[in-house]
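A quick write-up on the structure given underneath.
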Amino acid sequence: MSLVAIVGRPNVGKSTLFNRLVGMRQAIVDDTAGVTRDRHYGRCDWCGREFSVVDTGGYTTGSDDVFETAIRSQVQIAIDEADLILFMVEAATGITDYDAEIADVLRRTRKPVVLCVNKVDSGEKMFDSYQFYSLGLGELYSISAANGSGTGDLLDAVVAALPAEEDREDPYAGLPRIAIVGKPNVGKSSLTNALLGEERNIVTPVAGTTRDAIETHYNKFGHEFMLVDTAGIRRKTKVREDLEFYSVMRSIRAIEHADVCILMIDATSGMEAQDMNIFNLIVKNRKGCVVVVNKWDLFIKDSNTLRDYTASLKERLAPFNDIPVIFTSVVKMQRIQDVLDAATQVYANYSQKIPTARLNEALLPAIEETPPPAWKGKYVKIKYITQLPTAFPAFAFFCNLPQYIKDPYKRFLENQLRKHFSLTGCPVQIYCRQK
């Protein structure tokens, strides 16, 4: 997927445009210059072409801001990794020294550059934008990121300038993608090496050894899929260097592109807040999930330890706790094959298509026995159910008054689906639609 970087000096409206392109208020917007310090990633879809967008901090030199050097290096990294640069300037202030300096940097890159003049929200300000032709960056596009005027023409230009998507066939297209994710130093690379039976990835006791998401084709013991080993995902406050920030972003993108995620946690520390953040990221992206509790050999056990640990873990994962939990010791090669079997089974559940007739036959009697609660004297009647053609398990319940079906009853419907069909490890999405 192509990547577009939005760059410019502070307070020209980069984050406002970023929020408009991704369709949500993802980046903080304020009149104060220098609010954005890190790079924010999001997705934009325009005329059937999908691409990633990265918002950067304002590029400055010679200021008193202690973050100046870090922000400048973040901007440079964004320029280096982008396929196209969206250079943003402001009509009212004209060409500043910062604008000229950034334009000089961009003229030296071999990447396509689209010049965007922001805060043109009236006809009079349109004339102020023409001075930016002197930057020597070609055609310019006048917009108002705050109210959206001109953004359509700008996106047309961006899509036209993006490099064409490669049409060559991927020999591994269609194979399940299984990503191993978790905090640093929980044994992700060790598990990858154990599954592959070779020292594919470097393993050291130092947290953060793996920098990139590494893909490997796995074809053994009747299983075939793409295995992705990722960098450890730490809390944002713990990420100190640009390289690690980029590694974490790669790991998050690996989750977005996976079918099933193997979430590894350390048995000795248990399910911590950051593990929950990663789990919530998996659920938010509607991916299949297997929880692997590694370093189980270091945990002090008694006769009920396994049962109690599993119960405590599933209590934390609620309400989505219909997930396989595997206890392993990668160093001692204990229960490695179980992880593989569980991930394969979750993918089978994740990708299954349940016939409409079977759905209605199984669920309608249960719905008739326990109908949705009446709302203000109005009775909701569910007529039939069908599975939607999505990559993840999603079901449409057609009824007369969909707006009156609340979340508690949707959870009842989800439980009925899990009771009658094999959906272990898969987040289920339920939609109520008008019949």
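No value in this document is a laboratory result; all are computed from the given coordinates. Since the model is a prediction, treat every value here as computed from it, not as a measurement. Don't worry about glycine lacking a Cβ; one is built from the backbone with ideal geometry, like all the others, and counts go over all protein chains shown.
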Requested in this report: Distance check, please: which entries in Lys284/Lys314; Lys314/Lys383; Lys381/Lys406 exceed 25 angstrom between their Cα atoms?
Outcome: Lys314/Lys383
Query raised in the report: Once you sort the root eigenvalues of the Cα gyration tensor of the range 321-435 as a ≥ b ≥ c, which label holds: rounded (a/c under 1.5), prolate (a/b larger than b/c) or oblate (the other case)?
Result: prolate
Query raised in the report: Where does the range 243-298 land on the Kirkwood hydrodynamic radius, alpha-carbon pairs, in angstrom?
Result: 12.1
**Report entry** Backbone N within the range 254-282 under 20 Å of label point (7 Å from Val331 Cα along the Cβ vector)
**Finding:** 264-271
Query raised in the report: What is the extension gain from Asn415 to Arg307, computed as 0.36 nm multiplied by their sequence separation minus the C-alpha to C-alpha distance, in nm to one decimal?
Result: 36.6 nm
